[in-house]
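What follows is one structure encoded as structure tokens, with my remarks underneath.
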Amino acid sequence: MTEKTLLARLPTPANLGYSFNWVGRIGLTIILLWAVIAVCAPWLTPYPVGEIVDWDYFGPMSDKFWLGTDYLGRDMLSRVLMGARYTVGISLAAVTLACTGGVILGMIAAVMGGWFDTILSRLLDAFNGIPSLLFGLVVVAAVGSSIPVLVLTLAVIYLPGSYRFARALAVNVNTMDFVTVARARGENTPYLITQEIFPNILGPVLADLGLRFVFIVLVLSGLSFLGLGVQPPNADWGALVRENIDGLSLGVPAVVFPSIAIASLTISVNMFIDNLPIKIRDRSE
Amino acid sequence: MTDTALVSIRDLRIGATTDAGRKVQIIKGVSFDIAPGEIVALIGESGSGKTTIALSVMGHTRPGCKITGGQIRVGKHDITAMTEKARSTMRGTAVSYVPQSAAAAFNPSQRIMQQVIEISAIHNLMPQAEAEKKAVELFRALALPDAENIGNRYPHQVSGGQLQRLAAAMALIGDPQLVIFDEPTTALDVTTQIEVLRAFKSVMVQGGMSGVYVSHDLAVVAQIADRIIVLKSGEIQEEGATQQILDAPKHPYTKELLSAFEPVPHVSAEAQTQAGDRPILEVKNICAGYGPISGGEPHVKILKDVSFRLERGKNLGVIGESGSGKSTLARAIAGIVPAYKGSAAFNGQVQQPALADRSKDDLRGMQIVFQLADTALNPAQPIDKILGRPLTFYHGMKGRAREARVKELLDMVHLPAALRHRLPGELSGGQKQRINLARALAAEPELILCDEITSALDTIVAAAILDLLKELQRELQLSYMFISHDLSTVEAICDDVLVMYKGEVVEALPAARMSQDATHAYSRLLISSVPKLDTGWLTGLEQDPDLVAAFSDR
């Protein structure tokens, strides 16, 4: 009996009035796991990240080196754990900035229309024409590589896409009668954007965020490969794959595990976003 | 009966599971038969399960619903026992479907002919040339103009009434034994509806096909059906021959349905207006339109020189078909579509053409209520927020006072206060329209512009909304401008009527004497096109074909 009341009091999704399916739960669990690792990495790594600890390179998995060693004989487990900091941190920060900026600008453009919309859209279209890696190269070469510069560069690269997406959605919502009603009431643009439009485009915007996150992880690894991303001896996951790519034909764990790490993060982000907790609305019981 | 019937449905039960895992029954044990060549009408309000039953005859249920019990038999096919694959071979050949909105059912990027003969291609019924020949015959039987070439057009190149008939041709191409019509004329204008009904009726009689006709409009059903089944919340209330249902209804619900059809003549609110009083709304030579503006005039001109006066406490009806500019008139007055010429004076004060230049108090005094409550209410906001926003915006109400007022408003439109926590998607059509109205009332307006607010509702629900409008008028001294294509609703609530055609007012007259006094040919056509509760009305109806052709873009 007491056990039952305890169960009923736990803040599970069902008790809070939400339904949250298992796919979403698994996704969230993996994201949280990586987030915890990113924060606690310095205490978890068995060896210093930059130290060559093995005489052999591309070592196999063993008791000493759980995930084997890399092309210089450094411990892969330590490198993957520390890499989480860069991949999770930089990518999440960049995707948040890109989507927030893009969505806000997109909604303003849709609501205001006219010249503001035309000029902003053409400007961002033109910007979209610059190859992303080239742009990153120029910026990092000019300003130098640091984490804030990387985050901002990645955010700027992905903002136009997010803007286009949000604008297209917002234009549709903007023609609905309830927006006309709000306009006829005399509401201003900030109210229209935050209260009338944003809640109605949230779902697709989140799905887009998940996809954009994956792209940012990939571009970040591309920048790292060119030596413009995270600086050695530290490395993000993408850089770990690149630097150990020679071992692919040998099937060494040094190239497999960073790939698995990237896949697990990007897939679980999308699993979570596609299966967010939904408020249970059936109350007639 | 069971041996000879084409369709027999026995103890049909359809259920669904809600997101909380609760099971609900939508159809609760319905049984009926359809004889060969017979058209049976399913009638009831929205949510009564009429479309759900009609779709189940094809073995189809909407996502989330499931046939939980009973048996459906069509001809030799036992639908309930069939696999999904077997059902799909039967769809289009044994049973076919005419949807409510043909405009949404046609693919805009394909030519009409390609889509009409699709069924014969899917089921390999006949070679393409033969199918096209047959389609042209069907077009002719359905009285479509230019039957040889209409198939080469794209869906946007034909009118709404024509598209609805083309959808019927699509359903008939596979020679089905049974055709399901799902409210096929609800979205059409009255004059167009007549054409479409006539075409459907003649084609069904010629082909000797059976039909299921789903509708909430008793007068339309009276023209086409042999038998009527009255439904309410998933159960059959009454079943009988059309004439019997109309003349001698037994069930109280059927009686209610019939009485809702007879409009209660409008008694004008006590004339408190003194001679010197300013009219609440005075419109002078207003012109408005859409599109890019060049030389001070928009590209597409809709309203042409419309003038009228509305006295305080009176109601003005505006009637006309779609495209007549009646909605644009309301929008121009409200400032949503700025007028480029002429003026609208509210309470004696001339209003600025554009919304942005009007004062908050002027905006408050004149509220507009839109036709479709589905799109007029933000689906992401709960009701208390929807109603609370104008309270905060116009009257600065917050917290407790605001909540109390929201409850009061809900009470005013006869809804329970507990509804305020729901989202619009969780309400019925009638409830949504009441919320839509309550939001306008929250501003404490003097004039409400009602844009077809009962058109999307069932007869009984619409009648209840009209009663509510009258009651609110008595209590709050409101004035309404009531836009509609339905003459009986206008008669039921308005003092004066404007008849609009192609952006112009062709006639203005008192509502009570509308049917007798109308002199303009278009007004007469409109009045004669309103279906009557009489099985012989459509057959007996004589309209001058030249007149019909002159006033419609067929």
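The values are calculated or read from the model by the stated rules, or taken from the named source; none is laboratory data. Keep in mind the model is a prediction, meaning the values are calculated, not measured. Quick reminder, even Gly has a Cβ in these numbers, built from the backbone with ideal geometry, and neighbours come from all protein chains shown.
Here is how the numbers come out for the structure above:
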{"item": "Filtered residues of region B:1-35 (kept if aliphatic (A, V, I, L, M), over 28 Å from the mean Cα position of the chain (by Cα) and within 14 Å of chain A (Cβ to nearest Cβ))", "result": "B:Ala20"}
{"item": "Residue match in region B:384-392 (condition: assigned to a strand (DSSP E or B), away from chain A (no Cβ under 11 Å) and under 20 Å from A:Val181 (Cα atoms))", "result": "no"}
{"item": "Scope region B:85-125; condition over 33 Å from the mean Cα position of the chain (by Cα) and charged (D, E, K, R); matching residues", "result": "B:Lys85"}
{"item": "Region B:498-527, subset surrounded by 18 or more Cβ atoms within 10 Å (Cβ to Cβ) and among the small types (Gly, Ala, Ser), residue farthest from the chain's Cα centre (by Cα)", "result": "B:Ala518"}
{"item": "A:Asp54 at pLDDT 85 or above, farther than 30 Å from B:Ala20 by Cα and acidic (Asp, Glu)", "result": "no"}
{"item": "Check on B:Leu466, crowded, with 18+ Cβ neighbours inside 10 Å and modelled with pLDDT of 90 or more", "result": "no"}
{"item": "Of residues in region B:307-331 being in contact with a helix residue (DSSP H, G or I) (Cβ under 6 Å, 6 or more places away or on another chain) and not polar (S, T, N, Q), the one nearest to the other protein chains (Cβ to nearest Cβ)", "result": "B:Val318"}
{"item": "Residues of region A:126-182 that turn out to be within 14 Å of another protein chain (Cβ to nearest Cβ) and either in a helix (DSSP H, G or I) or crowded, with 19+ Cβ neighbours inside 10 Å (or both), as a count", "result": "12"}
{"item": "Residue in region B:349-379 that is nearest to B:Ala339 (Cα to Cα), counting only those that are among the small types (Gly, Ala, Ser) and free of Cβ contacts under 8 Å to residues at least 40 places away in the same chain", "result": "B:Ala354"}
{"item": "Output for region B:393-405, where each listed residue is away from every other protein chain (no Cβ under 13 Å) and either among the β-branched types (Val, Ile, Thr) or crowded, with 16+ Cβ neighbours inside 10 Å (or both)", "result": "B:Met397, B:Arg402, B:Glu403, B:Arg405"}
{"item": "Only listed residue being touching a Gly at 6+ places or on another chain (Cβ under 6 Å) and among the aromatic types (Phe, Trp, Tyr), chosen from A:Tyr57, A:Tyr86, A:Tyr71", "result": "A:Tyr57"}
{"item": "Residue list for region B:364-375, filter: out of contact with any strand residue (DSSP E or B) (no Cβ under 6 Å at 6 or more places or on another chain) and either more than 9 Å from chain A (Cβ to nearest Cβ) or at pLDDT below 90 (or both)", "result": "B:Gly365, B:Leu372, B:Ala373, B:Asp374, B:Thr375"}
{"item": "Matching entry among B:Pro63, B:Pro36 (being touching a residue at least 24 places away in the same chain (Cβ under 8 Å), part of a loop (DSSP other than H, G, I, E, B), at negative phi and not small (Gly, Ala, Ser))", "result": "B:Pro36"}
{"item": "Residue ID - surrounded by the fewest Cβ atoms within 10 Å (Cβ to Cβ), chosen from residues in region A:183-201 that are facing another protein chain (nearest Cβ under 8 Å) and part of a helix (DSSP H, G or I)", "result": "A:Pro199"}
{"item": "Failed item, numbered, when B:Pro379 is tested on (1) over 32 Å from the mean Cα position of the chain (by Cα); (2) surrounded by fewer than 18 Cβ atoms within 10 Å (Cβ to Cβ); (3) at the interface with chain A (Cβ under 10 Å from one of its Cβ atoms)", "result": "(1)"}
{"item": "Residues (assigned to a helix (DSSP H, G or I), within 14 Å of the chain's Cα centre (by Cα) and closer than 14 Å to B:Lys50 by Cβ) located in region B:181-225", "result": "B:Leu218, B:Val220"}
{"item": "Considering residues of region B:332-353 that are in a loop (DSSP other than H, G, I, E, B) and within 11 Å of chain A (Cβ to nearest Cβ) only, the residue surrounded by the most Cβ atoms within 10 Å (Cβ to Cβ)", "result": "B:Gly335"}
{"item": "Residue list for region A:212-240, filter: surrounded by fewer than 16 Cβ atoms within 10 Å (Cβ to Cβ) and modelled with pLDDT of 85 or more", "result": "none"}
{"item": "Residue check, A:Leu218 out of contact with any strand residue (DSSP E or B) (no Cβ under 7 Å at 6 or more places or on another chain), under 30 Å from A:Met76 (Cβ atoms), hydrophobic (A, V, I, L, M, F, W, C) and touching a residue at least 40 places away in the same chain (Cβ under 8 Å)", "result": "no"}
{"item": "Residue list for region B:75-117, filter: part of a helix (DSSP H, G or I) and touching a strand residue (DSSP E or B) at 6+ places or on another chain (Cβ under 9 Å)", "result": "B:Ile79, B:Thr80, B:Ala81, B:Ala86, B:Arg87, B:Met90, B:Ala105"}
{"item": "B:Asn436 being of a type in the set (S, T, N, Q), touching a Pro at 6+ places or on another chain (Cβ under 8 Å) and either under 24 Å from B:Thr454 (Cα atoms) or more than 9 Å from every other protein chain (Cβ to nearest Cβ) (or both)", "result": "no"}
{"item": "A:Ala110 surrounded by 14 or more Cβ atoms within 10 Å (Cβ to Cβ) and closer than 18 Å to A:Val214 by Cα", "result": "no"}
{"item": "Residue match in region B:454-464 (condition: closer than 20 Å to A:Arg185 by Cα and either small (Gly, Ala, Ser) or within 14 Å of another protein chain (Cβ to nearest Cβ) (or both))", "result": "no"}
{"item": "Answer residue from region B:479-526, given it is hydrophobic (A, V, I, L, M, F, W, C) and touching an Asp or Glu at 6+ places or on another chain (Cβ under 7 Å) and is farthest from B:Val413 (Cα to Cα) among those", "result": "B:Ala518"}
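For (1) of a type in the set (D, E, K, R); (2) touching a residue at least 12 places away in the same chain (Cβ under 8 Å); (3) farther than 30 Å from A:Pro277 by Cα, each residue gets a yes or a no:
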residue: A:Ala35; (1), (2), (3): no, yes, no
residue: A:Trp43; (1), (2), (3): no, no, yes
residue: A:Val49; (1), (2), (3): no, yes, yes
residue: A:Phe58; (1), (2), (3): no, yes, yes
residue: A:Arg79; (1), (2), (3): yes, yes, yes
residue: A:Met82; (1), (2), (3): no, yes, yes
residue: A:Val88; (1), (2), (3): no, yes, no
residue: A:Gly101; (1), (2), (3): no, yes, no
residue: A:Leu105; (1), (2), (3): no, yes, no
